[in-house]
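Undergrad: Can you keep this structure in mind? I'll have questions shortly.
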Amino acid sequence: MTPDAPTERFSDRAQAYAAARPGYPREIATELMRAFALPQGAVVADLGSGTGLSCEPFLRAGLTVIGVEPNDAMRTAGDQQLAAFARFRSAKGTAEATTLPDASVDLVIAAQAAHWFEPRAAGQEAKRILKRPPHAALIWNDRVSHGDTFAEGYEALLTEHGGVEYARVRHRHAHHDLVAAFFGHAGYRELRFANPTELDFDTLAQRLYSASYVPKADAPGHAPMMAALRRLFDATQRDGRVAMVFETRVFWGAIE
């Protein structure tokens, strides 16, 4: 497997990912529990669970979560992050081959991950491991890239330093064709939640570095990128922080 393969691309960024990526609103879990009539203790499989950020709202809502993650560094970080939750365990597997038994979970989710999947194959694997009806939700934190100087400056920084790879990843996020392919139809529903975050410079720097498409620390483009980030932060910070705003989008329904 090449270092650029989807399952390996975050291997050397796991700690930055765990420390600085935005979490997910707690209301996601309660809204999906209501929509799908899930009882306390129901089992959720989180495909591409990474460092466990997307598992936490469901664990706090009293659900059991299995984090399915192929990347060893990310899965280890998730195990450490969620060690206090007795209802969590991880499994080494992919969205297309989870290793979980047939009809063993009540809900499948994937957060900030489905754009790396082969969507129809992942949807059919999710259907295999789900009880009936086969309920699922695909979740993305979409960063707001306009409306203020910091948001627009950060978008320009990513465009410049993330290059072609950033453009490719950006256009894959929450793509309706992808979502329809996963569910096998276009009749899914959508929820949206505001998800603002405030960052000091160190956390902002880690959040930037957690992106798989920006230059690594030993790459020639890393120092100019960080200098540009410093200038942007200094120009837009208030009381030592900047606001990065996300809209969390949740696509939910039953898989055909």
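Undergrad: In whole angstrom, and with the biggest value first, how far do the Cα coordinates of the range 27-90 range along each principal axis?
TA: Projected onto the principal axes, the Cα atoms of the range 27-90 cover 34, 20, 17 Å.
Undergrad: May I pose another question? Can you give the longest stretch of the chain with no exposed loop site, where a site means trypsin sites (Lys or Arg not before Pro) in a DSSP loop (not H, G, I, E or B) with at most 13 other C-beta atoms within 10 Å?
TA: The reported range is 93-215.
Undergrad: Which whole-number percent gives the relative contact order of the chain, counting Cα pairs below 8 Å spaced six or more residues apart?
TA: It rounds to 22 percent for the chain.
Undergrad: Taking N as the number of residues in the range 151-256, what is its alpha-carbon radius of gyration divided by 2.2 N^0.38 Å?
TA: Compactness ratio reported: 1.30.
Undergrad: For the range 65-74, just list the computed ³J(HN,Hα) in residue order, Karplus coefficients 6.51, -1.76 and 1.60, θ = phi - 60°, integers in Hz, with x standing in for Gly and Pro.
TA: Per-residue couplings from phi come out as 10, 10, x, 9, 9, x, 8, 4, 5, 5 Hz.
Undergrad: Here's another thing I want to ask about it. How big is Rg to Rh over the range 165-207, alpha-carbon atoms, Rh as the Kirkwood inverse-mean-distance radius?
TA: Ratio value, two decimals: 1.15.
Undergrad: Once R0 is set to 45 Å, what does the formula 1/(1 + (r/R0)^6) return for the Cβ-Cβ distance between Glu27 and Val164, expressed as a FRET efficiency to the nearest 0.05?
TA: After rounding, the FRET efficiency stands at 0.80.
Undergrad: If you don't mind, there's one more thing I want to ask. Could you work out how far the C-alpha centroid of the range 178-224 sits from that of the range 78-92, in angstrom?
TA: 22 Å
Undergrad: Now for a separate question. Excluding residues on the same chain fewer than 8 positions from Lys216, give the lysines whose Cα lies under 27 Å from its Cα.
TA: Here the lysines satisfying the reach criterion relative to Lys216 are Lys92.
Undergrad: For the range 188-235, place one equal point scatterer on every Cα, skip the solvent, and apply the Debye formula. What is log10 of I(q)/I(0) at q = 0.16 Å⁻¹?
TA: Log10 I(q)/I(0), no solvent term: -0.56.
Undergrad: Which ³J(HN,Hα) values, rounded to whole Hz and listed in residue order, are derived for the range 191-196 from phi using the Karplus coefficients 6.51, -1.76 and 1.60 in 6.51 cos²θ - 1.76 cosθ + 1.60 with θ = phi - 60°, glycine and proline given as x?
TA: Computed from phi, the couplings for the range 191-196 are 10, 9, 9, 6, 8, x Hz.
Undergrad: List the aspartates and glutamates whose Cα lies under 14 Å from the Cα of Lys131, skipping any in the same chain that are fewer than 8 positions away.
TA: Asp102, Asp106, Glu256
Undergrad: On a 0 to 90 degree scale, rounded to 10, what angle separates helix 149-172 from the longest Cα axis of the chain?
TA: 50 degrees
Undergrad: Can you work out ³J(HN,Hα) from phi for every residue in the range 214-220, in order, using Karplus 6.51 cos²θ - 1.76 cosθ + 1.60 and θ = phi - 60°, giving whole Hz and x for Gly and Pro?
TA: Ordered by residue, 3J(HN,Hα) equals 8, x, 5, 4, 9, 8, x Hz.
Undergrad: Here's something else I'd like to know. Relative to the present Cα-Cα distance, how much length would full extension add between Asp72 and Asp177 at 0.36 nm per residue of separation?
TA: Residue separation times 0.36 nm, minus the Cα-Cα distance, leaves 34.8 nm.
Undergrad: Only helical DSSP H runs with n ≥ 4 go in: add -39500 (n - 2.57) per run for the chain, normalise by residue count and round the 222 nm mean residue ellipticity to 500 deg cm²/dmol.
TA: Taken over the chain, the calculation gives -11500 deg cm²/dmol.
Undergrad: At 37 °C and a viscosity of 0.692 mPa s, what translational diffusion coefficient does Stokes-Einstein give for the range 84-167, taking Rh as the Kirkwood radius over Cα pairs? Give it in µm²/s as a whole number.
TA: The Stokes-Einstein estimate is 212 µm²/s.
Undergrad: Between Ala217 and His146, what's the calculated FRET efficiency when r is the beta-carbon distance and R0 is 35 Å? Round to 0.05.
TA: Here the calculated transfer efficiency is 0.75.
Since every read-out is calculated from the coordinates, none of them should be taken as a lab result. Here the structure is a predicted model, which is why all the values come from computation and not from measurement. Neighbour counts run over all protein chains shown; Cβ positions are idealised from the backbone, glycine included.
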